[in-house]
Amino acid sequence: MRVRTLLLFIATCNIVFAQPPNDQCSAVIPVALSVGSTLTLSGTRTGATTTNDGVPGSVLMTTAGVATVWEAFTTTTCSNVTALFCGTALPATTMWNFITPDCPSDSAIYFSYANFGILCPNGQFGIQWFNLAPGTYYLPIYCTGAGGAYTLDLSAVACIPGPANDECAGAVPLIVNTSCVTTSSSVENGTLSFAAATCNGSLGNANDDVWFSFVATGTDHTVTVNGTGGDVDAVVDLFEGTCAGLNAIACADATFDGEIETLNATGLVVGNTYYVRVFHWYTALAIDPEFTICITGAIATAVSEVTGAALSTFPNPTEGTITVSGTENARSAVVYDALGRFTTQQPVTAAMTTLDLSALPRGIYTVEVITRDGMLRRTTVIKN
């Protein structure tokens, strides 16, 4: 089991004064926070209590002695939200590291980025949440031993669209090689597809997951993800099935920031398509989000090239669209250029299927499919 520490900014309020008007979240009227706007909110923490801060068992109720006041905001579109306490007197720490959609608080949405002295150059606290769905959010501000006033600047910008492989349906196809041939990728701007499951005794946050796929050429394959010396702490999940019905079959989470994560998959079915999800373990997003990935393994001896007329493509030459026949029991067709470089991968669902190659430049290409009977290849010419 790996052990990591999540930072939690807490303090104790030991001053007894009259309760501030926003001592309970139910008394707060959420302000409208639109994309491109900045709002300045202010109040006092002095006299705050723990009354109705959270439901029984929530972090706000199980952290002894911590009193909280509240602000709240409402967004109407996907937003990246920043909360800055730059105008609050030092050295008081001013808030928790999460917001919540509940009042009283039940669930927590932890920060994407938080820091002292970066977002606020004067050394005060700044925090951000990325890819917040439209809705109302309650922001807890805790009472430090000093109590006192606070000033909060809230701003929102539009969410940055996720990468092409942000969801399973856009998975980047990878080719199995006998040695590691890396593909460069990144978790930057990735968004949550669905919650992570515990892996190796540890539960990460898949809030920036991205997707890949590969067609098994043997029963055993290795997925290698390298954080390239940065701060990506990769978790690797392997799924079988389809994007509409994924079944988790393996995972890997044994290393830390910037290290190599390896998933050894066994018992695969030759010709089946498998899906790989990669995400950065932490709730906070990676500052250096790049990584590389490769799939390695041997070609099963039963999957040799089948010769003869088992596979055909027509018309040949083509101006961009071809029909492939003889693809019984195949799952996908992979197309390579004349230098053997991967160009595209498309699903195959019948004995005859149509491939759209119109986006490829003119030249000679190889169409390859893997069936139960073996690996089938045919050459086709694009003359567009």
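The values are calculated or read from the model by the stated rules, or taken from the named source; none is laboratory data. What you see is a predicted model; the values in this text were computed from it and never measured. As a convention, Cβ positions derive from the backbone with ideal geometry for all residues, glycine included, and neighbour counts pool all protein chains shown.
If you go through segment 107-120, how many residues are surrounded by fewer than 15 Cβ atoms within 10 Å (Cβ to Cβ) and part of a loop (DSSP other than H, G, I, E, B)? So the answer is 3.
Screening A114, A108, A83 for residues that are out of contact with any Ser or Thr (no Cβ under 9 Å at 6 or more places or on another chain), closer than 23 Å to A286 by Cα and not assigned by TED's automatic domain parsing to the domain that holds T343 leaves exactly one candidate, A114.
Applying the criterion of being in a loop (DSSP other than H, G, I, E, B) and under 21 Å from G258 (Cβ atoms) to the residues of segment 286-309, the residue that is modelled with the lowest pLDDT is I287. Per this entry, D166 is not counted among residues that are acidic (D, E) and either free of Cβ contacts under 8 Å to residues at least 24 places away in the same chain or in a strand (DSSP E or B) (or both).
Checking the condition more than 24 Å from N52 (Cβ to Cβ), in a loop (DSSP other than H, G, I, E, B) and at pLDDT 90 or above, which residue from C103, C86 passes? Give the steps one after another, and end with the answer.
Values: C103 fails: more than 24 Å from N52 (Cβ to Cβ).
Testing whether each residue is more than 24 Å from N52 (Cβ to Cβ), in a loop (DSSP other than H, G, I, E, B) and at pLDDT 90 or above leaves just C86.
Could you tell me whether F342 is touching a Pro at 6+ places or on another chain (Cβ under 8 Å) and either at pLDDT 95 or above or within 16 Å of F214 (Cβ to Cβ) (or both)? First the steps, then the outcome.
Working: touching a Pro at 6+ places or on another chain (Cβ under 8 Å): yes; either at pLDDT 95 or above or within 16 Å of F214 (Cβ to Cβ) (or both): yes.
Against the criterion (touching a Pro at 6+ places or on another chain (Cβ under 8 Å) and either at pLDDT 95 or above or within 16 Å of F214 (Cβ to Cβ) (or both)), F342 qualifies.
May I ask you to verify whether V276 is hydrophobic (A, V, I, L, M, F, W, C) and closer than 17 Å to P173 by Cα? The answer is yes for V276.
Residues of segment 171-191 that are touching an Asp or Glu at 6+ places or on another chain (Cβ under 9 Å) and closer than 27 Å to S332 by Cβ: S184, S185, S186, V187, G190, T191.
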